[in-house]
Amino acid sequence: MATLNVGYGSGSSRLTSSPSLSPTNLSLSTKTLRFPFSLRFQAILSSHSPFLLSVCRHRATISATMATGSVQEVLPPALDSTSDPPPIFDGTTRLYISYTCPYAQRVWVTRNCKGLQEKIKLVPIDLQNRPAWYKEKVYPANKVPSLEHNNEVKGESLDLIKYIDSHFEGPSLFPEDPAKKEFAEDLFSYTDSFNRAVITSIKGDGVNEAGAAFDYIETALSKFDDGPFFLGQFSLVDIAYAPFIERFQPFLLDVRKYDITSDRPKLAAWIEEMNKNEAFNQTRRDPKELVEIYKKRFMAQL
Ligand SMILES: N[C@@H](CCC(=O)N[C@@H](CS)C(=O)NCC(=O)O)C(=O)O
């Protein structure tokens, strides 16, 4: 069974390997050390020599979509009600996140995939003890994620991943092909229904809604056969779903004994590919922590 519980736990200050490090993880870390093949390097190569890029990609046995995580970023501690604000609107591009928010994670992964770790500064917020200045000075909606760029602050994760992809350097994470573009929009529109359906099952005592939602995903993953991702090749659509599936899979397995990959070979393959994506892995939490968060949030209401 493919599983997303690889266990790249991250503390508030640094990503560390969790005690449940699996053999898959070990090989991923080795691969990272052996092939420090940054996306920025790939972007330079692709503009100068697409052929050389493809050779390098082949040699490194990692695709552009998996590569950016090769630099292990030291993560800053989350800011809380006692923390001073950063020097807002000083020209720095800042991505305000919470380390445990799946919506913020979408934007964080996009930033990592494009190799923008130095261009877009992460500003983690402690949502449980939020600094007042965040609502007052940064983002009146008082949610994460938000992006401070060019003297403006924008929100909404799906808008932000598209904004970052089109306004910043790095490999494009969205296809040109009109059929793929159209399907991408359908899948973006489905994300909220997908999350609602699974959460309905999580709150209830059956898995009917979740099962139907994962069947929809399995069918969607079958549409293009030029790769294991939603649009064939890796794209923003994968980024939109990954943080949620990262949470749903271990929760449903642990609490409902429901394996989302059973009889869903496309989903199993997709999860396996996502597990190789270092840009994503660098944003992940220990699955046990994610299960506990969901138990507290949803099962307390039962
Ligand atoms: N639709 C928003 C949802 C963002 C969202 O709900 N973020 C949560 C954290 S996961 C939040 O900031 N909650 C704080 C609050 O609602 O007060 C998006 O896609 O960015």
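Taking square-rooted eigenvalues a ≥ b ≥ c of the alpha carbon gyration tensor, is the range 187-269 rounded, prolate or oblate, where a/c under 1.5 means rounded and, failing that, a/b exceeding b/c means prolate? It is prolate, given that a/c is not under 1.5 and a/b is the larger ratio. Under 8 Å for C-alpha pairs, at least 6 residues apart: give me the relative contact order for the range 178-299, rounded to a whole percent. Rounded, it is 24 percent for the range 178-299. The I293 and E272 beta-carbon pair, evaluated with R₀ = 22 Å, returns a calculated FRET efficiency of approximately 0.35. Between the beta carbons of K181 and S262, assuming R0 = 51 Å, the FRET efficiency works out to 0.95 to the nearest 0.05. Extension gain for the segment Y216 to F174, taken as residue separation times 0.36 nm less the Cα-Cα distance, is 13.0 nm to one decimal.
Applied to the range 123-133, the Karplus parametrisation 6.51 cos²θ - 1.76 cosθ + 1.60 on θ = phi - 60° returns per-residue 3J(HN,Hα) values of 10, x, 10, 8, 5, 6, 9, 5, x, 4, 4 Hz, with x for Gly and Pro. Relative contact order of the range 86-229, taken over Cα pairs closer than 8 Å and 6 or more residues apart, is 21 percent. Relative contact order of the range 93-167, taken over Cα pairs closer than 8 Å and 6 or more residues apart, is 40 percent. Between their Cα atoms, which of K143/K276; K203/K295; K135/K288; K137/K296; K257/K295; K154/K296 are more than 19 Å away from each other? In this structure, K143/K276; K135/K288; K137/K296; K154/K296 exceed 19 Å between Cα atoms. Rounded to whole numbers, the Karplus 3J(HN,Hα) couplings from phi for the range 199-213 are 5, 4, 5, 4, 6, x, 10, x, 10, 4, 5, 4, x, 5, 5 Hz, using 6.51 cos²θ - 1.76 cosθ + 1.60 with θ = phi - 60°, and x at Gly and Pro. Label the range 136-287 by shape, choosing from rounded, prolate and oblate, from the square roots a ≥ b ≥ c of the eigenvalues of the Cα gyration tensor; if a/c is under 1.5 it is rounded, and otherwise prolate applies when a/b is larger than b/c, oblate when it is not. Here the range 136-287 falls in the oblate category. Annotation: extensible slack from V255 through R196 equals 19.5 nm (criterion: 0.36 nm per residue apart, minus Cα-Cα distance). Prolate is the label for the range 93-167, because the ratio a/c of its alpha-carbon gyration tensor axes (a ≥ b ≥ c) is 1.5 or higher and a/b is greater than b/c. With the simple spin-label model, which puts each label point 7 Å out from Cα in the Cβ direction, the K135 to E73 separation comes to 2.7 nm.
For I125, the residues 5 or more places off, or on other chains, whose built amide H falls under 5 Å of its own are L79, I97, S98, Y99.
Read the figures in this text as sums done on the coordinates, not as results from a lab. All values reported here derive from a predicted model rather than from experimental measurement. Cβ atoms come from the backbone with ideal geometry, glycine included; neighbour counts cover every protein chain shown.
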